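Single-structure report; data block below.
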Amino acid sequence: MIHNKKALLGRVYTVVSVLCATAQADEATVQLAPITVSAHDGMEIPYDSTGVSVTVVDVEQMKKEGIYGVAEALTTVPGVNIQPGGGENQRGNVANTAIRGINKDTAVIPMIDGMRIFNSGGGGLLTANTMARTDLFSIGTLEVLKGSQGASYGSGAMGGVVYMETPQGDSTKPQLSLFNEAGSFNSYTGNITAQGQKAALSYFLSSTYTRTDNDLRFADGSRPTARNAGEAESQTTALRLDWQLNQDNQLTLTYRREDSEYGYVSSWQGNHFYTPYDFRNNLITLKHFCRINEKWSSSLMAGYYGYDATLGTGYYQELRNVQLEWRNAIKWCAHQTTTAGFAWNRSAYDYFDNFSINNGDRNLENTYSLFAEHTYTPIKNWSNSLAARLEFSNIYSASMALRAASSYRFNKDATRLFTSMGSGYRSPGSFQRSNGCFTSGYYTYHGNPHLKQEKSYSIDAGVEHDILPGHSINLTAFWQRLNDAINTDYRDYSDVYYSNDSGHWTIIGTELSLQGELEANWNTGYRLSWTHIRPKTSNKHQIPWTSRNSWSAEFYTSPIDGLTTGLNLIAAAGRTNYDAAATRRLDNYYSLRWYVQYKATENLTLHLRIENLTNQQFVTEGGFGAPGDAIISAGRSVHGGITLKF
């Protein structure tokens, strides 16, 4: 069966993100509760033994439901809002990611294979681009760490962390998988994956090609005249090799590459402007894990990330990140563990266009970090953790992030109470604090040497309860605040300045989720979630790129062996665009999708899905001028294909 009890309960987990090296494999096998490997290769801890807000997405389940991109998968996570919407709505374009109302692209850090995808320049929509074009075929772990608790991973993670990891090769047997799907709007996705293990070496190799025309159109009924407007195309490759040197030592190498392009169209008072966007990413990491003795384990990781983007003629961005990290974990006894280490990150961001001079090392940042976390479990059902990170950089001398969490299970383990609090920060980019300026097109950007750090604080508390066997409910309340938010001020049409908000951004909200399964009734199951937030800036406007209410739901059933069908719903209300003023509010929307999958043989699976089943027409991105310039959602689309496994 595609759906079973384990898969359902594994759809959404809450887990702790502890800063340590991987725990001993034999220790992980004795855990009876579901476990997950946390961000930064954290210790394997039962999901119900922490108070830190982390959601783990079941990647395999998402692919069974016809969801093949990270942005689309994140729309199912409580507390996460993606604009433009998921599905076929502007696939390949930027996916603005707001976690519990903190929307800033520089406040949510993507992490891939332990590498922080960070931009010292403070621009370039790096997070939004990473979320939009990362496919699930090459992802084995997808976790969302919410709120300022994520700041324990360094500057720029004030709103949270989206952690992704290339999967380790399957050790059971070699396997080759071929995926092909075609559909409306000239869409096609193809993937080939090979994985397995030979002696002490395990391997995983995945290559994906995807394209779509996106059915791009405007609210006034017109369509772009440019031939390739809205077209998205990408080619990605992911490789992971794990070599078990001996019982206590392991080497892991990962390599990822992406080449993609997108036909971006903007509008101004009825005039449409077409700009071809091209992207290239390269990521390589090398990690050595060593178990020194029964109490002490250590790991050393080195990584490189390169990002190149051409956004129209003569407009070029370049990012080069290097990361070194050393981690140690000491298990003092059955109840206490300490992890600690050192990290160095170098981020160099350069920008060029026909109207400006390269800013050079003004966008260079070196950071040196000391971090530690202690976990304490005085009794079986009560777990506590305290984490701290001290960071030095060439921009600011020293900054501190703290995080504390607690979890308590009772009522025969049917009920769990959890709470956490944290603080975070982000240093403004080198250019943002310089006395210089540069021109981009018709705009001149001026640095501000008086800029302060942005700082965030968050508190959350919740309860998780098993209503009946196989049915559970989770309710979490949270409060977040961002002080000294860095704004981009347009003082007139051409001059742009950076300044700190004189007040603060404050978000109050709740997350409610309910899930369950009826095994006796065709393995029928459901999942429901609702998030409500009040995201306000100091001037009482709603924070840009947020939704006050968002919903996601799923219902599925397997009436016969091998056949599974289901409905998915995503919806949002009270949305804002890039400008939080009332004139830039976006309409409410919902999008319904239907999928069916049939496992015809052990080697052949057929799949079909319909996106935007009811053909809803809603604004995904507001226009710069007249209301008719806004981009609306893609229409109903049908997609079908096959998967072959050998």
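What tally of residues in the range 426-479 results from selecting those that are within 30 Å of Ser399 (Cα to Cα) and touching a helix residue (DSSP H, G or I) at 6+ places or on another chain (Cβ under 7 Å)? Within the range 426-479, residues that are within 30 Å of Ser399 (Cα to Cα) and touching a helix residue (DSSP H, G or I) at 6+ places or on another chain (Cβ under 7 Å) number 14.
Say whether the condition of being modelled with pLDDT under 90 and farther than 17 Å from Met111 by Cα is met by at least one residue in the range 317-326. Yes, the range 317-326 contains a residue that is modelled with pLDDT under 90 and farther than 17 Å from Met111 by Cα. Among the conditions (1) of a type in the set (Ser, Thr, Tyr); (2) buried (at least 24 other Cβ atoms within 10 Å of the Cβ); (3) more than 10 Å from the chain's Cα centre (by Cα), the only one that Thr97 does not satisfy is (3).
With a requirement of 2 or more residues that are among the aliphatic types (A, V, I, L, M), out of contact with any helix residue (DSSP H, G or I) (no Cβ under 6 Å at 6 or more places or on another chain) and more than 24 Å from Thr172 (Cβ to Cβ), the strands (runs of 3 or more DSSP E) lying completely within the range 199-300 that satisfy it span 271-291. The numbered conditions (1) at positive phi; (2) in contact with a strand residue (DSSP E or B) (Cβ under 9 Å, 6 or more places away or on another chain); (3) basic (Lys, Arg) are all true for Arg527 except (1). Taken over the range 312-325, residues that are in a strand (DSSP E or B) and surrounded by fewer than 20 Cβ atoms within 10 Å (Cβ to Cβ) amount to 5. Among the residues of the range 588-607, those that are under 18 Å from Ala634 (Cβ atoms) and part of a strand (DSSP E or B) comprise Tyr589, Tyr590, Ser591, Leu592, Arg593, Trp594, Tyr595. When Ser207 is tested against the conditions (1) touching a strand residue (DSSP E or B) at 6+ places or on another chain (Cβ under 6 Å); (2) among the small types (Gly, Ala, Ser); (3) loosely packed, with under 14 Cβ neighbours inside 10 Å, the lone failure is (3).
Within the span defined as the range 326-336, one or more residues are more than 26 Å from Arg240 (Cα to Cα), in a strand (DSSP E or B) and touching a Lys or Arg at 6+ places or on another chain (Cβ under 8 Å). Looking only at residues in the range 214-227 that are within 28 Å of the chain's Cα centre (by Cα) and crowded, with 20+ Cβ neighbours inside 10 Å, the one that is farthest from Leu604 (Cα to Cα) is Leu216. Considered as a group, the residues in the range 469-502 that are assigned to a loop (DSSP other than H, G, I, E, B) and over 26 Å from the mean Cα position of the chain (by Cα) include one that is modelled with the lowest pLDDT, and that residue is Tyr493.
Of all the residues in the range 127-141, those that are at pLDDT below 90 and over 15 Å from Arg116 (Cα atoms) number 3.
The residue of the range 516-565 that is nearest to Ala128 (Cα to Cα), among those that are of a type in the set (Asp, Glu) and part of a strand (DSSP E or B), is Glu554.
The values are calculated or read from the model by the stated rules, or taken from the named source; none is laboratory data. Fair warning: this is a prediction, and the values are worked out from it, not measured in the lab. Don't worry about glycine lacking a Cβ; one is built from the backbone with ideal geometry, like all the others, and counts go over all protein chains shown.
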